[in-house]
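Just below is one structure, and these are the notes that go with it.
Computed from the coordinates by the stated procedures, all read-outs in this text should not be read as laboratory data. Owing to the predicted nature of the structure, the values given are computational and were not obtained by experimental measurement. A quick note on method: Cβ atoms are made from the backbone with ideal geometry, for glycine too, and the neighbour counts reach across all protein chains shown.
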Amino acid sequence: MNEINPQVQSNKIRISNFEILRLVCMLLIIFSHYFVHGLTIDEIAVSTSTLNTIILNFFCVFGNVAVLVFMIISGYFGSSSKFRFTKFLLLLFEYIFYSLTFYFLIQMVFLKNPFDFKSFIHAFVPFYGSSAPNWFISSYLIFTFLLHS
């Protein structure tokens with residue numbers, strides 16, 4: 001029998017070890033975003049405790065590793081699935097919908113910033129610039145498309 005011991009649920013092969021690893025990666029990515037983008041480096045650097053610096057470095061390093069591991073596992077499972085262009089378009093539509101929703105909520109409602117066309121395009125278009133804040137969805141869409149073409 002296979003070492004991984006897959007479980008069959010609803011006509012899909014589920015490999016619990018990889019799913020748990022993906023879940024851990026998701027949590028590391030969330031914590032990494034919190035420590036890197038939620039707190040300013042000055043707030044942590046001013047602290048006299050080196051524990052804060054160790055925690056920040058831990059999440060910076062392992063957050064980046066978690067993104068790579070998450071992409072590799074997703075690519076592994078995605079390569080065996082059948083590519084459907086409608087699923088690709090649905091993912092693109094979901095991205096555009098949530099980007100616009102959060103753009104208007106954060107920029108217009110909470111921050112009360114005036115409408116800026118450049119920042120609107122930057123939030124809306126997934127392939128805009130190399131340092132786009134939405135680099136992950138751009139990479140994921142390209143990766144998904146190239147994997148099945």
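Worth a mention:
- Placing R0 at 25 angstrom, the Cβ-Cβ distance between residue 146 and residue 96 gives a FRET efficiency of 0.75 after rounding to 0.05.
- Extension gain (nm, one decimal) between residue 106 and residue 34, 0.36 nm per residue minus Cα-Cα: 24.2 nm
- Summarising the label geometry, the points placed 7 Å from Cα in the beta-carbon direction at residue 58 and residue 21 lie 2.2 nm from one another.
- Couplings 3J(HN,Hα) of region 77-94, computed from phi: 6, x, 5, 8, 8, 7, 6, 10, 4, 5, 5, 4, 5, 5, 4, 5, 4, 4 Hz, in residue order, whole Hz [Karplus 6.51 cos²θ - 1.76 cosθ + 1.60, θ = phi - 60°; x for Gly and Pro].
- The trypsin sites (Lys or Arg not before Pro) of region 53-93 that DSSP puts in a loop, and whose beta carbon has at most 10 other beta carbons within 10 Å, are 82, 84.
- Karplus-derived 3J(HN,Hα), 6.51/-1.76/1.60, for each residue of region 100-114, Hz, glycine and proline x: 5, 4, 5, 4, 5, 5, 6, 6, 8, 8, 7, 8, 6, 7, x
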